[in-house]
Amino acid sequence: MLAPTQGFFEISSNGTNLNIAESYQASKGGTFQKTSKTEIIVNMTDGSNNRFAKMYYLDNVTKGFDNGFDGETFGGIENSEDVFTNLAENNEAKKFQIQSLPISEMETMIVPLGIKAAAGKEITFTAEALNLPNDLKVFLEDRLTNTITRLDEANSSYKVTLNDALNGTGVFFLHTKASGVLNTDDVSLQTPISMQ
């Protein structure tokens, strides 16, 4: 449901018409965007630009693409800095700003977190964890520095200065675990690192 003044974008081929039947329109009021969804919002800033990626944890979705639940980053405007996710499974190198993942696999999933940022930039990651089960914690893994940082605690953040420009995944990963500490000894690169 879209509230008044909200809009949306439609990706289509040339010459496509978009028709929205009157029967799809609603005029009754209701609670707008009331949510109790389990979600994590990862925020990234370089001090002047702020970007975010959202992960929703739901029933009846997959680790791959779920039409109507996953949303790619908006390509209409080029951003000099960006943060996004890749699909946790069956990835086709698309950049997602919103990704829905199965809540039943929350503790075993590792979500590839991609960034676009220039060399020499100090970037800061923070996270908002909403409606997480009490025992779950949110961690950001940096495979270049072999660092794991807990992000779900109040005022927690991870800062890093990039030696090389980044535009893709392979460096940062998001973990949700019940244990208080992740071990970096068993981490292996499963995705090639992309630098420019």
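Remarks
- Only alpha carbons enter this Debye calculation for region 131-177, each as an equal point scatterer, and the log10 of I(q)/I(0) it gives at q = 0.16, 0.19, 0.23, 0.28 Å⁻¹ is -0.50, -0.67, -0.89, -1.13.
- Computed FRET value (nearest 0.05) for D164 with D59, which takes r as the C-beta separation and R₀ as 45 Å: 0.65
- Zero-based 5 Å bins, Cα pair distances in region 31-158, whole percents: 2, 10, 20, 24, 21, 15, 7, 2, 0, 0
- Whether region 83-134 is rounded, prolate or oblate, judged on the alpha carbon gyration tensor where a/c under 1.5 counts as rounded: oblate
Just so you know, all these numbers are worked out from the coordinates, no wet-lab data involved. None of these values were measured; they are calculated from a predicted model. Using ideal geometry, Cβ is built from the backbone for each residue, glycine included, and neighbour counts are taken over all protein chains shown.
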